[in-house]
Each structure stands twice: as structure tokens, then as C-alpha cells.
Amino acid sequence: MIDMDRVLDGRPTKGMMMLGLRGVGKTVLLNRLHRMAEEKGFRTAKVEAPEGGVLPQLLAPELRQVLYSPRSKSRRWSKGSPGGFRPAKFRRGVQG
């Protein structure tokens, strides 16, 4: 996906919100985006937020796991953006 490639290149992106009626394929699309992100080396988490759930309590354990789990050797990460971690600039195909 173009936004993922922009992040890997250190360029800005915009957020995305998916809306739709029940049964139109939102979850299928999210699962595909999740797989694509993992294939590109992003660290990901899946969180299902049922109606009436407390979002911070649902997010905290998943975010902890993503932030504190060992990092993949295929990507280098650096502190940088106000939102947390962003990939360090690197040339595709070169690991270091």
C-alpha cells in the first residue's frame, strides 16, 4: 500500500478511517492490510473493540507487546515522530 511505502521512505502520510455497513468487507480489508504491513516489516497488533468496551484497557496490553517485544533484525527503528517510533531511513535491500 502506498502509505506504508511512504512511511518506510520517511515521508508523511494521512490517517485512514474505514466505514461501512455490516457485511461489506471491512474486516477482510483490515486483515489484508495487517498481513501487508507485517510483510513490509511493520510491527502490528490486532485489537477488537466491542461496543461498550473501555478502549484504553483494550489497547494497553497490545501496545505494550508491540513496543517491548524484540525488534525484527530486518528493520531498523529510531525514535523520531511525535507519535512514537518511525523506521530509520535505509536503502531497500540493505540491512545494517
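Every number here is computed from the coordinates shown, using simple stated rules; none is lab data. In this text, all values refer to a predicted model and were calculated from it rather than measured experimentally. Heads up, the Cβs are rebuilt from the backbone with ideal geometry, glycines too, and the neighbour counts pull from every protein chain shown.
In this simple spin-label model, placing a label point 7 Å from the Cα along the Cα-to-Cβ direction at both Met1 and Met17 gives a separation of 1.6 nm. Working from label points 7 Å from Cα in the Cα-to-Cβ sense, the Glu48 to Gln65 distance is 1.3 nm. Here the peptides 25-36, 43-54 are ranked by packing, the mean other Cβ count within 10 Å, and the order with the highest first is 25-36, 43-54. Backbone geometry of the range 12-24 corresponds, through the Karplus equation with coefficients 6.51, -1.76 and 1.60 at θ = phi - 60°, to 3J(HN,Hα) couplings of x, 9, 10, x, 9, 10, 9, 10, x, 5, 4, x, 8 Hz, x marking Gly and Pro.
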